[in-house]
1. If I filter the stretch 124-142 for residues that are outside any helix (DSSP H, G or I), touching an Asp or Glu at 6+ places or on another chain (Cβ under 7 Å) and surrounded by 14 or more Cβ atoms within 10 Å (Cβ to Cβ), do I get at least one hit?
2. Any chance the stretch 27-37 includes a residue that's surrounded by 10 or more Cβ atoms within 10 Å (Cβ to Cβ), of a type in the set (S, T, N, Q), out of contact with any Phe, Trp or Tyr (no Cβ under 6 Å at 6 or more places or on another chain) and not in a loop (DSSP other than H, G, I, E, B)?
3. Among (1) within 21 Å of S147 (Cβ to Cβ); (2) surrounded by 14 or more Cβ atoms within 10 Å (Cβ to Cβ), there is one condition R23 misses while meeting the rest; what is its number?
4. Find the residue count for the stretch 67-88, including only residues that are assigned to a helix (DSSP H, G or I) and either modelled with pLDDT under 95 or within 18 Å of T26 (Cα to Cα) (or both).
5. Would you mind finding the one in G109, G115 that is surrounded by fewer than 14 Cβ atoms within 10 Å (Cβ to Cβ) and either in contact with a strand residue (DSSP E or B) (Cβ under 9 Å, 6 or more places away or on another chain) or modelled with pLDDT under 95 (or both)?
6. Consider the stretch 89-105. How many of its residues are surrounded by 14 or more Cβ atoms within 10 Å (Cβ to Cβ) and either of a type in the set (K, R) or not in a helix (DSSP H, G or I) (or both)?
7. Can you tell me how many residues within the stretch 1-38 are in contact (Cβ under 8 Å) with a residue 12 or more places away in the chain and over 30 Å from Y116 (Cβ atoms)?
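The values are calculated or read from the model by the stated rules, or taken from the named source; none is laboratory data. Here the structure is a predicted model, which is why all the values come from computation and not from measurement. No Cβ is skipped: glycine too gets one built from the backbone with ideal geometry, and neighbour counts run over all protein chains shown.
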Amino acid sequence: MLFTPYEIKETVDMFLRYKLDIRAITLGISLLDCVSASGTETRRRMRDKILRVAGNLVKVGQEIEIEYGIPIINKRISVTPISLIAGASEDKNYTAYAQTLDEVARDLGIDFVGGYSALVHKGLTGGDERLIASIPEALASTERVCSS
């Protein structure tokens with residue numbers, strides 16, 4: 001298939017004139033297998049799994065940018081809602097989970113981490129309430145964590 005000069009010009013315009021980019025690439029990671037009765041152990045497992053699964057995310061994103069010539073603005077990960085993960089522990093404050101996510105993201109060069117959240121559409125569990133109560137402190141003490 002040959003492209004017309006008009007189609008080529010339109011493509012070039014998208015990059016140069018309209019600043020075409022990919023806003024973000026996101027890797028979803030299930031942390032359900034990280035759950036433990038110990039909050040410390042759960043956070044260690046979370047860290048290990050995210051490092052293992054997302055270790056090449058930034059590198060792969062950069063390779064895609066080079067291969068296709070389109071900048072990728074943000075590399076991010078999204079994890080299982082933390083209220084589900086932390087709810088099995090005896091922890092009363094979940095801020096340490098947000099800090100663990102933030103540290104791993106910083107170590108990997110990932111821009112944002114989504115998943116510091118609770119699923120409350122059918123009611124609140126104790127874990128949901130603890131997570132929601134911790135959101136202000138969690139966001140104030142992290143740079144890359146997003147909450148909902």
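1. Within the stretch 124-142, the subset outside any helix (DSSP H, G or I) is 124-125, 141-142.
Within this subset, residues satisfying the condition of being touching an Asp or Glu at 6+ places or on another chain (Cβ under 7 Å) are 142.
Imposing the further condition that a residue be surrounded by 14 or more Cβ atoms within 10 Å (Cβ to Cβ) reduces the set to 142.
Among the residues of the stretch 124-142, at least one is outside any helix (DSSP H, G or I), touching an Asp or Glu at 6+ places or on another chain (Cβ under 7 Å) and surrounded by 14 or more Cβ atoms within 10 Å (Cβ to Cβ), which makes the answer yes.
2. no
3. (2)
4. So in the stretch 67-88, the residues assigned to a helix (DSSP H, G or I) come out as 67-68, 82-86.
Filter once more, keeping what is either modelled with pLDDT under 95 or within 18 Å of T26 (Cα to Cα) (or both): 67-68, 82.
Of the residues in that region, 3 qualify.
5. Just one listed residue meets the conditions, G109.
6. Residues flagged as surrounded by 14 or more Cβ atoms within 10 Å (Cβ to Cβ) and either of a type in the set (K, R) or not in a helix (DSSP H, G or I) (or both) within the stretch 89-105 amount to 4.
7. 2
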